[in-house]
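One structure below.
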Amino acid sequence: MTGTLTEDQAYRAMVFFLRGQWERTGSADIAALLGDLSLLPDGRPADPAVADDFREAIARAKGSEAIGLDLPPSR
């Protein structure tokens with residue numbers, strides 16, 4: 001796979017990925033996140049803060065910051 005994704009395509013890829021994880025796990029947390037990520041008829045996410053969070057994640061991914069996988073323990 002080659003090529004660059006637009007911001008819209010990257011957002012859709014994230015949603016498709018998370019939907020697949022939800023289908024496999026049935027996680028209520030992922031279901032809630034998918035609800036926030038769902039797009040309204042005008043194309044904006046149901047939770048407006050999600051768009052800002054996603055743009056921040058893109059900026060961090062474009063930078064040199066390492067992906068830290070030192071996650072806190074599950075609740």
- Reported set for region 50-75 where residues are of a type in the set (A, V, I, L, M, F, W, C) and under 13 Å from the mean Cα position of the chain (by Cα) is 50, 51, 54, 57, 58, 61
- Only one of (1) surrounded by fewer than 12 Cβ atoms within 10 Å (Cβ to Cβ); (2) within 22 Å of residue 3 (Cβ to Cβ) is not met by residue 42, so which one is it? (2)
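Residues checked against (1) without any contact (Cβ under 8 Å) to a residue 12 or more places away in the chain; (2) within 25 Å of residue 74 (Cβ to Cβ); (3) outside any helix (DSSP H, G or I):
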position: 4; (1), (2), (3): yes, no, yes
position: 11; (1), (2), (3): no, no, no
position: 14; (1), (2), (3): no, yes, no
position: 17; (1), (2), (3): yes, yes, no
position: 21; (1), (2), (3): yes, yes, no
position: 24; (1), (2), (3): yes, yes, no
position: 30; (1), (2), (3): no, yes, no
position: 41; (1), (2), (3): yes, no, yes
position: 52; (1), (2), (3): yes, no, no
- Message: Take residue 28 and tell me if it is more than 21 Å from residue 9 (Cα to Cα) and modelled with pLDDT of 95 or more.
- Response: yes
- Mind counting the residues in region 33-48 that are more than 12 Å from the chain's Cα centre (by Cα) and on the phi < 0 side of the Ramachandran plot? 8
- Query: For residue 19, which of the numbered conditions (1) more than 11 Å from the chain's Cα centre (by Cα); (2) surrounded by 10 or more Cβ atoms within 10 Å (Cβ to Cβ) fails to hold?
  - Reply: (1)
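The values are calculated or read from the model by the stated rules, or taken from the named source; none is laboratory data. Because the structure is a prediction, the values reported are computed rather than measured. In this analysis, Cβ positions are derived from the backbone assuming ideal geometry, glycine residues included, and neighbour counts consider all displayed protein chains.
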